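The values are calculated or read from the model by the stated rules, or taken from the named source; none is laboratory data. Just so it is clear, the structure is predicted and the values come from calculations on it, not from any experiment. Don't worry about glycine lacking a Cβ; one is built from the backbone with ideal geometry, like all the others, and counts go over all protein chains shown. Note: areas computed on protein heavy atoms with side chains; ligands, DNA, RNA excluded. Shrake-Rupley method; radii C 1.70, N 1.55, O 1.52, S 1.80 Å.
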Amino acid sequence: MAAEAASALGLSVVVLAERPDDAACAVAAEVLLGSPLVEADLRALAVRSEVVTFDHEQVDLSLLRALSADGVVIRPGLATLEMAVDKAHMRAALVAAGIPVPAHLIVPAGPEGAVPAAAEIEAFAAEQGWPLVLKTARGGYDGKGVWSVDDMAQVAAVTAPLVGQLLVEEMVPLEAELAVMVARRPSGQTVTWPAVETAQVDGVCREVLVPGRLPPDVLERARALGQAVAEIAGAVGVLAVELFWSGGVLMVNEIAARPHNSGHWTIEGAVTSQFENHLRAVLDLPLGSPAPQHAQVASVNVFGGAAGEDPLALLPGGLATEGAHIHLYGKGARPGRKLGHVTVCGDDAEEVRERAWSAAMALGTPRPQPQRAPMGRAS
């Protein structure tokens, strides 16, 4: 989607992909096969690029630090990436800045067969109550690297094979989840899209509602909090800030230093999409307006159904839904895999939501029963 936005601006995108069938390969101007964890592959990308940027957090900060020292322009920069890559570092930085976050401990994982910081975890559980949420500080995404645990026996079972640092967090009593997308240039110009309501199932985003069902003052507080986090992180490009709303308090759960699932609605729903503004920002070009173009927007993710049918084969059914903007990512279909999204814009909140779900279900997406994800899920 970033490559599609680049094409409209006359820009070329070079993609470093691990497999020739990765979705971006179909639309990139140039494709390099390799890994972001291999220095030679990163350097091959850098020599072909004016700016190196990212669409995930699975990067090696030491390799990027070496490239930066050699003059490679990396945006966002290393300080921002460290917050996005390392949840323990992110939590500590936000606490130091006075940003509300869930109650938590940061503990080491291992050694194998032992519960790390068992006394500290037991004391924390006595204060916060079970269940707790365990999260790997690095490497988690879409609910991976996140566990809800009910007692110390489950803590031991989860932590035995892990290395590195862990976050031990309270299970926040959830009323709603929100997300705020911010775009920021190196020169400091910042634009912020409206806060949106998100819904998760099994730690994975299923739908995004704009503006959602929370009071306007809460949405405005969330927008301001997201912008403050972007300033603290020194973000360049798009930064996604995921928030919890609980007991009248907004708190930051996760950040992602890249275009994000909760901002896909901006392609049709806003004056300037998150993808276009990310490109503008990392190239230090003037940013476009984040204003919504419609009173209501609903975006629903397309997932592989139990039969594993490719949604492309079901495309006529999806397109039969009036106003459905369908984006299929070209990924191989399998049950439970995120394969695309559908956005519908209009004036009536429930109507656009139901039409978005109608198109997604026509493409094979199972509609889950509403549920709340564990409060420590990964972004």
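In the chain, inverting the average of 1/r over every pair of distinct C-alpha atoms gives 21.5 Å as the Kirkwood radius. Karplus-derived 3J(HN,Hα) values for the range 262-274, using 6.51 cos²θ - 1.76 cosθ + 1.60 with θ = phi - 60°, are 6, x, 4, 4, 5, 4, 9, x, 10, 4, 10, 6, 4 Hz; glycine and proline are entered as x. Among the GluC sites (Glu not before Pro) found in the range 1-80, those both in a DSSP coil and sparsely packed, with 14 or fewer other Cβ atoms within 10 Å of their Cβ, are Glu18, Glu50.
Straight-line cross-link partners of Lys144 among the lysines, defined as a Cα under 16 Å from its Cα and at least 8 positions apart when in the same chain: Lys87, Lys135, Lys338. In a DSSP loop and with at most 11 other Cβ atoms within 10 Å, the trypsin sites (Lys or Arg not before Pro) in the range 125-218 are Arg213. Note that the chain presents 41 Å² accessible area per residue, ligands and nucleic acids not counted, probe 1.4 Å.
Over the range 303-355, the reciprocal of the mean inverse Cα-Cα separation, the Kirkwood hydrodynamic radius, stands at 11.9 Å.
With semi-axes defined as the square roots of five times the eigenvalues of the C-alpha gyration tensor, the equivalent ellipsoid of the range 103-203 measures 31, 17, 13 Å, largest first. The apolar share of the surface of the chain, taken as the fraction of accessible area on carbon and sulfur atoms (1.4 Å probe, ligands and nucleic acids excluded), comes to 53 percent.
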